[in-house]
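Each remark here refers to the structure printed beneath this line.
The values are calculated or read from the model by the stated rules, or taken from the named source; none is laboratory data. Source: prediction; values computed, not measured. Here the Cβ positions follow ideal geometry from the backbone for every residue, glycine too, while neighbour counts run over all protein chains shown.
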Amino acid sequence: MRVEQINELADFHVSGRPDFEITGIAYAAGAGETEIAIAENVSELRKTKAQVVLMRPQFVKTEKTLIFAVESLEKAAVMIAEYFVQKDECIDYSQNVDYLFNGKYYYAEDLKMGEKTTIGQNVFIGRDVVIGKNCVIRPGVHINSGTQIGDNVYIGDNSIVSVDSYYRYYDDNHLKIFHGIGRTILEDGVSVGAGSVIQRGAFSDTIIGRYSGIDDMVKIGHDVTIGENCVIVSQVGIASNAHIGDRTIIYGQAGVRNNVTIGNDVVVYGKTSVTKNIPDGRNISGPYAWEHKKELQLRAKISRL
């Protein structure tokens, strides 16, 4: 598909090469060279690998091809994603599944599963799902369509993997929900506790890196990426398109805002609100995500008032 075909879809303003071949759409951080990158700002435009960028109208000097969303960036991104589905360039994983039942669990007929993987009672597995070797899927788990699971993965009771994304946008002053075209990928050695919910990507894939541990009752939003050997403790909420580096620990009841990047080797203490990017190696806590030592000093001063 070419950029000029996208332009005909909604009369976008295009600057650059209308004949550039594109293969999909994704958030800027995860977009490949031939995908359309959704960029919130010029910084994301500069950093993305993509050669075609969807963004709000503004003056910017770049050799990349720009598609300007005149009305709403969110609505434009959804229109393009749905167009890719119509042209069979992307898959709509939100469609209902005709399940088979083997007396123990429900599954789509195209399920691919490795040896020595065990699946508990009343598990539901959607279409186009791959599960690796030596995995344990506990009772009541839902693994929805498009999920890719590596080897030695554990998923605890009643967790939901690849629940439809909840991407909100306005169309003619009405709030609408886009369920997404992305997948969820659990890499080798990932563990997910009981009662956790992981949304599949709206545009890019939601990815949990190798040997990371997701505790009980954790909510992970669409298009989130979590690096290797991370620990996410109970009742943490991570909003959409947040990116977390390797070996990072997020303790209980912390919240991470959408579009935030947390670096490698970071410690986020319990009940912290992360609303800004956090560099590598920081220990942060409190409602303003300050350095942990500074937060403790502030609390000590308040206690003496």
Within the bounds of region 272-286, is there any residue that is under 23 Å from Ala194 (Cα atoms) and either at pLDDT below 95 or assigned to a loop (DSSP other than H, G, I, E, B) (or both)? yes
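Only one residue in Arg200, Arg282, Arg257 is among the basic types (Lys, Arg) and over 18 Å from the mean Cα position of the chain (by Cα). Which one? Outline the logic, then answer.
Working: Arg200 fails: over 18 Å from the mean Cα position of the chain (by Cα); Arg257 fails: over 18 Å from the mean Cα position of the chain (by Cα).
That would be Arg282, the only listed residue that is among the basic types (Lys, Arg) and over 18 Å from the mean Cα position of the chain (by Cα).
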Sort through Asp223, Asp265 and tell me the only one that's surrounded by fewer than 20 Cβ atoms within 10 Å (Cβ to Cβ) and either outside the structural domain of Glu40 (by the TED database) or at pLDDT below 95 (or both). Asp265
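Among Ala26, Ala69, Ala50, which is in contact (Cβ under 8 Å) with a residue 40 or more places away in the chain, under 21 Å from Glu89 (Cβ atoms), buried (at least 19 other Cβ atoms within 10 Å of the Cβ) and under 19 Å from the mean Cα position of the chain (by Cα)? It would help to see each step written out before you state the result.
Working: Ala69 fails: under 19 Å from the mean Cα position of the chain (by Cα); Ala50 fails: in contact (Cβ under 8 Å) with a residue 40 or more places away in the chain.
The match here is Ala26.
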Residue pairs qualifying under the 9 Å Cβ cut-off, at least six apart or on distinct chains, with the first in region 1-15 being surrounded by 17 or more Cβ atoms within 10 Å (Cβ to Cβ) and the second being among the polar types (S, T, N, Q) and assigned to a helix (DSSP H, G or I), are Val14/Asn7
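Name the strands (runs of 3 or more DSSP E) wholly within region 159-246 that hold at least 3 residues that are farther than 17 Å from Val266 by Cβ? Give the derivation first.
Working: elements: 160-163, 167-171, 174-178, 184-186, 197-199, 206-208.
The strands (runs of 3 or more DSSP E) meeting that bar are 160-163, 167-171, 174-178, 184-186, 197-199.
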